[in-house]
Amino acid sequence: MKNFFLGEYIKQRRLDLGLTQEQLCEGICEPMTLSRLENGRQTPGRNRINAILQRLGLPDDRYFALLSKHELEMEALQKEIVACNVMQKAEEGFEKIAQLEEIANPEDMIAKQFILRSRALLGRLDKRYSSEEQIDLLMQAIRMTVPRFTIDKIESFLYSMEEIKIISHIGSCYADDGQNEKAADVYRQLLRYVQTHFQETVTSLGIVPMVLFNYACILFRCERYGEAAERAKEGREACIKYGHYQHLPGCLEAEAECRYYMGEREKSAELYHQAYYLCKVTGYQAGLEIVKKEAKEYLGIEFQY
């Protein structure tokens, strides 16, 4: 396999996309820092390099970097905070956030962004923040690194993985607040962006399946069942194509429910069976209960095992 210096790799991709250094590094680092990176005279911290690569639509898992003790501590705490969100341990998550704030550099915008997003997510779990308050936190977070961000012109800027997640969560908050059509518009713009910019990184990040699944759920809330079914179908196809199966059970369940409302009972039953056994095999209990409930309520299907 041919090897490239990281700076040359970044510079070539930037030029291919017709971007200036200022456009690429806005909110991440100074143009001088990026210039030194491209010329091989300086290597920023890994979180900044990852953000730059992701904005360029490049994989961030194909280079090697030595981490300082401080970076390792930061990374470990961030993983623990993410785990607290997944396991729905809000109180513990906020304790970890406090620890992260103590060791984070006050000028590290990427760390501040992660903290704000995590506050919004954990605050959603324990109900300490309303949907409006969550949106405010998430808007603060995205504008840490994309100062001119506006929800009506999502495709006007470049985004890292973290920024994509923030925008996705903003869409979810609008839906929680009953603003389903506004949420659908957020995901419409976001899907167009990731399909254009993240084709090379979906193999390592699974961005497209995530956005398609969330978009399908929002369209279902809008009672746009045909569109929702298509997005869910595209989502499960993307899961299989890119080897990212986290959202596959959800895409199957979402399409099954849409097909039922579209009068396609046979197709709905087939999809519910697939979703059930996939949840069973993977031990996804929450998804399993949803599938069992819907299949029985809609189609009279009772799964025995």
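Computed from the coordinates by the stated procedures, all read-outs in this text should not be read as laboratory data. All figures in this text were calculated on a predicted structure; none of them were measured in a lab. Ideal geometry is used to build each Cβ from the backbone, glycine not excepted, and the neighbour counts take in all protein chains shown.
So for the chain, averaging the separation of alpha carbon pairs under 8 Å that are six or more residues apart and normalising by length, what relative contact order in percent results? The normalised contact order for the chain reaches 11 percent. Using only the Cα atoms of region 136-259, build the gyration tensor, take square roots of its eigenvalues as a ≥ b ≥ c, and label the shape rounded, prolate or oblate: rounded if a/c is under 1.5, else prolate if a/b is larger than b/c, else oblate. Judged from the Cα gyration tensor, region 136-259 comes out oblate (a/c at least 1.5, b/c at or above a/b).
Here the sum of -39500 (n - 2.57) over DSSP H runs of 4 or more residues, divided by the residues of the chain, equals -22500 deg cm²/dmol at 222 nm, to the nearest 500. Between the alpha-carbon centres of region 118-169 and region 225-295 there is a gap of 28 Å.
Each residue in ASP176, ASP126 was given a count of other beta-carbon atoms within 10 angstrom of its own, and listing them fewest first yields ASP126, ASP176. For region 225-305, the square roots a ≥ b ≥ c of the C-alpha gyration tensor eigenvalues yield an a/c of 1.5 or more together with a/b not exceeding b/c, which makes the shape oblate. Neighbours of SER131 by Cβ distance under 9 Å: Lys/Arg scored +1, Asp/Glu scored -1, total -3.
In region 6-55, Cα pairs under 8 Å separated by at least six residues give a relative contact order of 40 percent.
Let me make sure I get this right: for region 6-55, a, b and c are the square roots of the gyration tensor eigenvalues over alpha carbons, sorted descending. Under 1.5 in a/c it's rounded, otherwise prolate if a/b > b/c, else oblate. Which is it? Judged from the Cα gyration tensor, region 6-55 comes out rounded (a/c under 1.5). Computed 3J(HN,Hα) for region 210-221, one whole-Hz value per residue from the Karplus formula 6.51 cos²θ - 1.76 cosθ + 1.60 where θ = phi - 60°, is 4, 5, 4, 4, 5, 4, 4, 5, 5, 4, 4, 4, glycine and proline marked x. When each of PHE5, PHE213, PHE157 is scored by the number of other beta-carbon atoms lying within 10 Å, the sequence from fewest to most is PHE5, PHE157, PHE213. Excluding same-chain neighbours fewer than eight residues apart, the aspartates and glutamates reachable from LYS280 by a Cα-Cα span under 17 Å are GLU253, GLU270, GLU289, GLU294, GLU302.
Legend: ranking of residues VAL82, VAL291, VAL211, VAL146 from fewest to most surrounding C-beta atoms inside 10 Å; resulting order VAL82, VAL146, VAL211, VAL291.
Sparsely packed loop sites in region 10-117 (the trypsin sites (Lys or Arg not before Pro) outside DSSP H, G, I, E and B with at most 10 other Cβ atoms within 10 Å) comprise ARG41. Here GLU8 and ASP136 are evaluated by their C-beta separation; at R0 = 45 Å the FRET efficiency comes out at 0.65.
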